[in-house]
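These notes are about the structure you will find just below.
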Amino acid sequence: MRAARVELTKWPAHPHRCVDGVLLGEDRYGVWIGNPTGTRLDYAGGKLTSSARVFVLPRDAWWHGRHFTDGGWKLDVTTIPRWRGEHATMSDLDLDVLRNDGRAWIEDEDEFAESLRAGTLPAHFAEPARATAAQLLHALQAGDEPFASVGTSWLAQLQEIEHTIVPMPAPKPTAVIVGRPELSDLVSPIAILDNYQSAAERLGVKPEACVFIDDRLENVVGAAALGMYGIHHTSVADTVAILGRVLSPAGMLGQKTSGGDVENGSAGPSSQ
């Protein structure tokens, strides 16, 4: 499985938190990264996860989220992530949205306001950050996806394989494997799945150089366990858009986001 990292800074680039994990795959909601039990939670490496959790990182939104085995969600309002391979970096904006035990709330609003007053955060972050927090609160209260069943499904898949995970680096993908014949007109070169390993061999590539597409999440995560980049197919439009980014000349997750420059906060807010 591909090694991944989520790195949070305090604006603009002061070390804050660095979390190691594995790249599970991608869907319309973002990139999903798993933290198996016992993985690192900080720069020093002294604190480890006590249970599995999954991160979701939308590509062009001002937040990322964590979903826990107790059913809870914690969403951090941040700058838009910048990707270097499977390494995502963003600045924490001191504003969180949480849901647990059926209750959703915004946390640290006073801390966020004080950071703006003190000039620790740029003033033009105020509107998009607050709008994002409000949108996320509504989504959590309404049970919108991925906060209803999608995140839980990714977490369940991680829990099934977490004890077999061996993180590995990832080369740029050169081939695509699909789990359903009706998806075979999306791209070439392509192989139809009968066995993950044999499909890669027919294409003459290693599994870690393959992108795997399927509408069954368990198959996507199974392919990711071999080192493939997994795309959970829910619609042709979403899959084509994700595939285009993954196969772009910038390679995998390393492309610039479409929403603007992360450092100056020029992109608008989004909750999905």
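I need every pair where a residue in the stretch 116-128 that is farther than 10 Å from Thr79 by Cβ has its Cβ under 9 Å from the Cβ of a residue that is open to solvent by 40 Å² or more (accessible area, probe 1.4 Å) and among the aliphatic types (A, V, I, L, M), sequence separation at least 6 or different chains.
That search, which allows pairs on different chains as well, returns Leu116/Ala123.
Got a number for residues in the stretch 15-53 being of a type in the set (Phe, Trp, Tyr), closer than 24 Å to Ile242 by Cβ and open to solvent by 10 Å² or more (accessible area, probe 1.4 Å)?
Qualifying residue count, the stretch 15-53: 1.
Residue pairs, Cβ under 7 Å, 6 or more apart or interchain, first in the stretch 145-166 and within 16 Å of Ala104 (Cβ to Cβ), second in a helix (DSSP H, G or I). List them.
From residues that are within 16 Å of Ala104 (Cβ to Cβ), the pairs are Phe147/Ala139; Phe147/Leu140.
Can you name every residue in the stretch 227-247 that is touching a residue at least 60 places away in the same chain (Cβ under 8 Å) and open to solvent by 20 Å² or more (accessible area, probe 1.4 Å)?
His232, Thr234, Ser235, Asp238, Arg245, Leu247
Please work out which one of (1) surrounded by 20 or more Cβ atoms within 10 Å (Cβ to Cβ); (2) at pLDDT 80 or above is the condition Ala175 fails and give its number.
Failing condition for Ala175: (2).
Across the stretch 54-85, which residue is modelled with the lowest pLDDT among those that are in a strand (DSSP E or B), under 24 Å from Ala134 (Cα atoms) and open to solvent by 10 Å² or more (accessible area, probe 1.4 Å)?
The extreme case among them is Arg82.
Answer yes or no: is there a residue in the stretch 124-144 that is assigned to a strand (DSSP E or B), small (Gly, Ala, Ser) and open to solvent by 10 Å² or more (accessible area, probe 1.4 Å). Don't jump to the end; show me each part of the working.
So in the stretch 124-144, the residues assigned to a strand (DSSP E or B) come out as none.
No: the stretch 124-144 contains no residue that is assigned to a strand (DSSP E or B), small (Gly, Ala, Ser) and open to solvent by 10 Å² or more (accessible area, probe 1.4 Å).
The values are calculated or read from the model by the stated rules, or taken from the named source; none is laboratory data. Worth saying up front: this structure is predicted, and the values here are computed from it rather than measured. For neighbour counting, all protein chains shown are included, and Cβ atoms are generated from backbone atoms with ideal geometry for every residue, glycine included. Each accessible area value is taken on the protein alone, full model and side chains, heavy atoms only, with ligands, DNA and RNA left out. Shrake-Rupley method; radii C 1.70, N 1.55, O 1.52, S 1.80 Å.
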